1. Of everything in region 25-35 that's of a type in the set (S, T, N, Q) and in a helix (DSSP H, G or I), which residue is least open to solvent (accessible area, probe 1.4 Å)?
2. Which of (1) within 19 Å of residue 73 (Cα to Cα); (2) exposed (fewer than 10 other Cβ atoms within 10 Å of the Cβ); (3) modelled with pLDDT of 90 or more does residue 46 not meet, given it meets every other one?
3. List every residue pair whose Cβ atoms sit under 6 Å apart, with the two residues 6 or more apart in sequence or on different chains, where the first one lies in region 41-64 and is touching a residue at least 24 places away in the same chain (Cβ under 8 Å) and the second, anywhere, is open to solvent by 70 Å² or more (accessible area, probe 1.4 Å) and part of a loop (DSSP other than H, G, I, E, B).
4. Exactly one condition in (1) exposed (fewer than 11 other Cβ atoms within 10 Å of the Cβ); (2) under 26 Å from residue 77 (Cβ atoms) is not met by residue 56; state its number.
5. The conditions are (1) open to solvent by 80 Å² or more (accessible area, probe 1.4 Å); (2) modelled with pLDDT of 90 or more, and residue 61 fails exactly one of them. Which is it?
6. Pick out the one residue from 38, 18, 22, 11 that is within 26 Å of residue 80 (Cα to Cα) and open to solvent by 80 Å² or more (accessible area, probe 1.4 Å).
7. Return yes or no: is residue 51 touching a Pro at 6+ places or on another chain (Cβ under 7 Å), outside the structural domain of residue 76 (by the TED database) and under 29 Å from residue 81 (Cβ atoms)?
Amino acid sequence: MALTKAGVPYEDVHYTPETLKEAKESGKMQFGQLPALELDDGTMLFQTTAIMNYIGAVYGLRPKEPLDVYHGEKCVEYYWQDFVLKFYPHYQ
């Protein structure tokens with residue numbers, strides 16, 4: 001969504017169990033999990049929040065005011081701690 005909001009063209013790659021296994025075995029996939037973002041120079045980015053922060057910084061989607069950044073990140077933390085980890089404990 002962030003790349004779409006920024007108006008940046010991208011390729012949405014979907015993995016099958018087989019292609020995910022190949023990607024993991026290739027050593028290209030740090031932590032062996034998704035999501036991942038491959039930059040034009042081949043650099044691979046991993047972890048949702050880190051990717052979103054990168055896209056926000058590069059394409060001007062992050063707030064300029066530090067307190068506004070705080071409020072956004074607080075919501076993300078709340079979502080993970082109070083929703084995702086309670087309903088999907090395998091993420092812990």
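1. From region 25-35, those of a type in the set (S, T, N, Q) are 26, 30, 33; that's our starting set.
Checking the rest, the ones that are also in a helix (DSSP H, G or I) come to 26, 30.
Working: 26: 77, 30: 101 Å².
Among them, the one singled out is 26.
2. (2)
3. 56/62
4. Every listed condition holds for residue 56 apart from (1).
5. Of the numbered conditions (1) open to solvent by 80 Å² or more (accessible area, probe 1.4 Å); (2) modelled with pLDDT of 90 or more, the odd one out for residue 61 is (1).
6. 38
7. In short, yes.
A quick yes/no check of all residues on (1) hydrophobic (A, V, I, L, M, F, W, C); (2) part of a strand (DSSP E or B); (3) within 18 Å of residue 9 (Cβ to Cβ); (4) out of contact with any Gly (no Cβ under 9 Å at 6 or more places or on another chain):
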{"site": "45", "(1), (2), (3), (4)": "yes, yes, yes, yes"}
{"site": "54", "(1), (2), (3), (4)": "no, no, yes, yes"}
{"site": "62", "(1), (2), (3), (4)": "no, no, no, no"}
{"site": "67", "(1), (2), (3), (4)": "yes, no, no, yes"}
{"site": "77", "(1), (2), (3), (4)": "no, no, no, yes"}
{"site": "81", "(1), (2), (3), (4)": "no, no, no, yes"}
{"site": "84", "(1), (2), (3), (4)": "yes, no, no, yes"}
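The values are calculated or read from the model by the stated rules, or taken from the named source; none is laboratory data. Please read these numbers as outputs of a predicted model, since none were measured by experiment. No Cβ is skipped: glycine too gets one built from the backbone with ideal geometry, and neighbour counts run over all protein chains shown. We work out accessible area using only protein heavy atoms, side chains counted, and drop any ligands, DNA or RNA first. Shrake-Rupley method; radii C 1.70, N 1.55, O 1.52, S 1.80 Å.
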